[in-house]
Structures are given as structure tokens and as C-alpha cells.
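Worksheet for the structure shown next.
The values are calculated or read from the model by the stated rules, or taken from the named source; none is laboratory data. These numbers come from a predicted model, not from an experiment. Glycine also receives a Cβ, built like all others from the backbone with ideal geometry; neighbour counts cover every protein chain displayed. What goes into the accessible areas is simple: the full protein's heavy atoms, side chains included, and nothing from ligands, DNA or RNA. Shrake-Rupley method; radii C 1.70, N 1.55, O 1.52, S 1.80 Å.
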Amino acid sequence: MASNFPRLMVLALCAIIVIKKRGGGVSRLREHLGGITGSVVECKLVPPHIKSIMSDQVAEGRIRRKRSTSLRLYVEKEVAAKRDDWKDYGVSIMCDSWTGPTMMSIINFMICCNGRMFFHKSVDATGLIQNADYILEILLKVVADEVGAKNVVQIVTDNGSNYKKACQQLIAIYPTITWQPCSAHTINLMLKDIARFPDVEEVVESAKRICRFLYNHNRLHAMMRERIGGELVRWNATRFGTVFIFLQSFWDRKDKFKQWMTTDEWENCPWAGTADHDFTYDCLTKKNWWRDMEVVLKAVSPIYSVLRLADQQKNVSISSFLPKMLNAMKEIHGNLSVDDIQKNLLDRLMGKVNTRLNYLLTDTLMVAAAALDPKALYTSRLARNPKAKHAVTLAIKKLARSSSKASAAIDQFTLFSKQGGLFGGQEAKKSALNGRCSAADWWDQYGGDCSELQEVARRIVSQCMSSSGCEWNWSTFALVHTKLRNRLSHEKLHKLVFVHYNLKLRIQHFYDDMQSLQEIQTNHERDCDPCSIMINVAMYDEGNPILDWLCSSRSESVPTLDEYDDRSESPNPSRFVVEELGIDEEEVAAFRKKISGKRGKKRKERFEEEEDIASDFESQSDSDQQRSPICAESEESSSDSSEGDAADEQPTFLRPRSKRLKKRNLKNLYSK
């Protein structure tokens, strides 16, 4: 210990001088002790083994920083490549706020363009009041300075009053931009309103009480898991849709719960006689309780399916929301029209649904997007609805680049709604209904005759319907900004999240594209989709028949200018082959000399073989002139009496397979 004391004193003195007095950090201290000059002076008193350790750590840190910088530049390049689509398809800007474990408040901005979403930036709002004026200030900076107002189609936020007021002020400045309330958040509030109905609330609260009783006791929980074969789905306080998933998990195990209530194990359990035990038994054995739960599920399940569409991780087009919601409302009417009690629930439920839906559709592009949706064109009459036509007219007037283009697009919408021109073809209909072509891609493919309408429709149907992407990104912030690593500055946190989340989205998009490609390749329908054929024309795809035909040519000999050329001279390789292989004149001469010795003998054998084949052909053609010039089949194969034997016989080709040498690599041939 005494021998190491001077060394420790040296290290402590260096740390005090470098870090405290000269303002350096740990990296500078390592450079000082490792003898790496540049920003610091080399330490003369450090022991050799410590100097080696510190220099290795500095080198590893620089390599790690270089890799991080390269990765960040790669992601920035990938994101910048998507900017080319902004002019044609427009963008949706999504924003939401988040507060971390250290009370760091961050406002998140995501950009969606043509079904592709990426993380744009984050703003540190710690210690600031996030009122409408502040939100408007940062929105103006993103819209006007970073993205460009002419590229922005809509702003998607939640239903907060500060975001709503800020977006309304933004629309007053840029009239071509629309504010779209988050669809997922609106439907979530719709389910919250339904859950407050007294009859629905009674079912939900009783199920929650049963669940708490079963999960508060370990032995009872284990007994339940064994009897019903799994777990119940617990509800989330901020996700009102999960309440009805919780009820569905009860309903799916209805028979197993009833069987469990009749067993001696339940009757003789240690909690028998308690209030919760008796309440659980009464509810799970009563038909009325299960009937009320069934009614609630019938009322809510269609709406929850729309919530899943709006909140799914795959970015769905805004054009698919309204048709899905209308189908859900029809399904609710069919489920709740049995008796007066259900009709009463139906009236109250549809009142809440219509209120929230009107809030979602007013002054937005949703109705116009649904009317321009290609799938809705062939499955409903939405495009001919007067209100839908009015919404399309307003949307075209708002987004068209000039009044003349707007007038032309409005006239062309009549052709679209009546399925005229290319819109009435079977190819367009199959492309719209098979689900493999997005709405924007469909307009790219079949809207060429109506270029003005195509330009506007493409910018409408390609937008997103919710700001759920911002909420998914908070998990990335929580992953990076943890309790153990909570002193990261906002700039460092932004860079980490930018790289991590955009790489994750890039991988997800790649998997989605590969899945779509596999679905196209595995589709064996005879009437193929023209869009799918255009997508699947890659020459080097595995299993491509064109590639198989090119690789399996008839001739297997060394390639020459003419296979039947009887010249004694060896041919020169083509100029393309010479340039690609980098062959000079001496190598060409060596190649010709190498193959010229064997050429005469092989030519003689080949012509003798072909003469034998020709004589065989002449003899067979004289005996049977009715046979095919390609394939000679036995006479019994065509007769009715020997039909069974003919099925086992194989056709005998007049010209046998070539016995020539296989193709030889040209570069390997002359290099031997």
C-alpha cells in the first residue's frame, strides 16, 4: 500500500488539475494519463500500465463515437430521402407532449408521408407553460421553417384545448392546412362516455370487484389460473377500451367460471363466507349477469374494432376510417334491436357516438378522403352522397394549386363517382378490393386520365388519422431516459431517440414491404392484379421464370459467334466481354491459341453426330409423315383402346439432348 501511495497521489493530482482547474472532463483526464496529446499535455509521471489502459479506453471511446456519428448520419440520410415525396403526397405533422421521470417536459413531432412515418424532432418545454401561444410558436417554426407550409396537409393532435386553439390560429395564417383531431383519442373518449352509462357501469364495476378479489390472494389466484386455463386481461386506467377487453376475457371463460363455482374446492376455500366470496359466486352463477355482459359487449365490440384500426402501429390511411365506422354503427344497430331495454341502450349509445363523430368530421378531410377511397367506390355509394360530394368540393377548393385546376378536379370527380373511364375497368376494381394496393398507389396507377383530381386525391387519401405514433415514441424516450440514466441533456436525448426510433421504423417498414411482397408472390390467382405484376418484375427474383429461361439455354457449348460456323479460325471474344474482364490483346491471343487446338476435333465429332441425327430423322419421317416435327408419340397413345397404357408413356424427342461440353467461365479459361 505504501508503494502505491505516490502513484495514487499522482492520479489524484492530475484529476484535480485537469477536471477542476482547467475545466476538463473524464475524457480529457484519460487523454492526459494515456499520453494522447492535442487537447491536453501528456503526463510524465503516470505508470506504464495505467498509461496503456487509458490509451485503450480513449481509442475505444473514439471508435464508439465514430460509429454513433456514422449511424446518425445514415439515419439522417434515410429521412432526407423521404423529402422527395413531400411535394406530391403532402405530409401530416403529429405532435404530443411527455414528461419524464426527472420532470423533463418534451414535445414530440412526427411526420407521416404516404404511409411512412418518422421522428422529426423534439422540443424541450421544461419549466414553460404549454399554452396555445407557446404551442403555436413551435408549430410555426416546424411548419414554415423546417417542413414548408406548401407541403403540410394537416396537423394531427389530441383533443386538448391548448392544441385545438393553437391549430385554429395556425389555420388562420395558412388556410390550406387542416387540423385533424386524433381518431384514436376521440374513440377512446367515446368509450369513456359509454362506460359511464349506469347499466354498463354496473357490469364493469362488478367484474372489477371480482377480479380484485381473485388477484389479491395468491392461493386463490393460482386456483383461478388452473381452473380457467389462463389469466384475465387487466384494464388500464387511461385506456378506456381495455375495460371492454377485460369484460371479453370474462366472457370467453364463461363456462369454465361456472364449472369452477360448482366445485368443492371453491365452496371449501379459506375465503368461503366472506362478502367478496359470496358476491363472486352470485355474479358468476347468475344468467342475468352474463346476459348484461353480453349486451355490453355487443354494443361496444364494433366500436373497439374501429379503435384498433385507428391505434394500430401500421399507419393506416385516413380514407379507411369513415367506411369502417359506418359499418360498425350498422353492426351495433343489428346487435341491439331485440327488445325495448336494448333499444334504449342503443339510443343513448348512438347519441354519444354521433356527438364524438361529428366533432371528428367537422372541418376535416375525413369525409372527402372516404369519398375518394377506391375500395369504398366499389363497395358503397358514399361517393354519390350529397354531403360527401360537398366535402370533396371543399377539400379540392382548399388544396388545389389554382382555381382552374380546382374546377377541372371537381368535374373529374363526377367521372370517378360514376366509375367512368379507367375507374370502371375490372383491373381498377380488383386492385382496389384485393387489399394489396394502398389508396395513394391506386390513384397513381388509375388516376392518370384525371390528372387534376389525381393530384388532390393523392394528397388527401395518403394522410394519417391519429397521432398514436407520438405515443409509441414515448416508450423510446422512457427506454433511453431511465432512472439510472436521467442526467442526459435534451440534445443528447434527442439524438439517441432520433436514431433509435427511426431505425426501428425503418426495420418495420422493411418487414411490411417483405410481407406484402410474399403475399403477392404466393397469390396464384389466374386473373392477376396489374399493379402486382408491375411490382413483381424484378429480373433476379427467386423463382422468376424469365431468369430460369435465361440460365437454361439450349446450347451448353463454349459461346461462339455462330454455333454451326465451320471456319477453322477461332473467334474473338466480344468487345463487351473484353472490356468487362479487362483483357488485353496478348491475353486474347493466348485465349484463342488455347482453344484452337481442340476446336477442329470437336467440330468433326459434332458434325458426325448431327449427320447421324439427320439420317435418323429422315428414316423416321418417311415411315410416318403424320407425326409432329417436335415430338414423336406412339400410335397406341392416340387410340381409344389403349388409353390407359398411353398415360404412362413419355414422348420421344426426335432430337436428343445435346452432349456438348458445359459452359466454361471465360476468365478462368484463358488464365489457366
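Would you please name the residue that is least open to solvent (accessible area, probe 1.4 Å), looking only at residues in the stretch 358-377 that are in contact (Cβ under 8 Å) with a residue 40 or more places away in the chain and farther than 25 Å from residue 450 by Cβ?
Only one residue tops the list, namely 360.
For residues that are among the hydrophobic types (A, V, I, L, M, F, W, C), open to solvent by 30 Å² or more (accessible area, probe 1.4 Å) and either in contact with a Pro (Cβ under 8 Å, 6 or more places away or on another chain) or within 21 Å of residue 260 (Cα to Cα) (or both), tally how many sit in the stretch 191-248.
Number satisfying all stated conditions: 2.
Being part of a loop (DSSP other than H, G, I, E, B) and of a type outside the set (A, V, I, L, M) is the filter; apply it to the stretch 173-190 and report the residue that is surrounded by the most Cβ atoms within 10 Å (Cβ to Cβ).
Filtering first and then ranking leaves 182.
For residues in the stretch 414-439 being part of a helix (DSSP H, G or I) and basic (Lys, Arg), which is farthest from the chain's Cα centre (by Cα)?
It comes out as 429.
When you check residue 409 against the structure, is it under 30 Å from the mean Cα position of the chain (by Cα) and of a type in the set (Gly, Ala, Ser), yes or no?
no
Restricting attention to the stretch 353-374, which residues are part of a loop (DSSP other than H, G, I, E, B) and within 18 Å of residue 90 (Cα to Cα)?
The answer is 364, 365, 372, 373.
Pull out all pairs, ordered by first then second residue, where Cβ-Cβ is under 8 Å, the residues are six or more apart or on different chains, the first lies in the stretch 331-352 and is free of Cβ contacts under 8 Å to residues at least 12 places away in the same chain and open to solvent by less than 70 Å² (accessible area, probe 1.4 Å), and the second is among the charged types (D, E, K, R) and in a helix (DSSP H, G or I).
337/343
Restricting attention to the stretch 261-294, and to residues there that are free of Cβ contacts under 8 Å to residues at least 60 places away in the same chain and among the aliphatic types (A, V, I, L, M), which single residue is most open to solvent (accessible area, probe 1.4 Å)?
Here the answer is 275.
Restricting to the stretch 392-412, what's the tally of residues that are surrounded by fewer than 14 Cβ atoms within 10 Å (Cβ to Cβ) and farther than 19 Å from residue 171 by Cβ?
Residues in the stretch 392-412 being surrounded by fewer than 14 Cβ atoms within 10 Å (Cβ to Cβ) and farther than 19 Å from residue 171 by Cβ: 4 in total.
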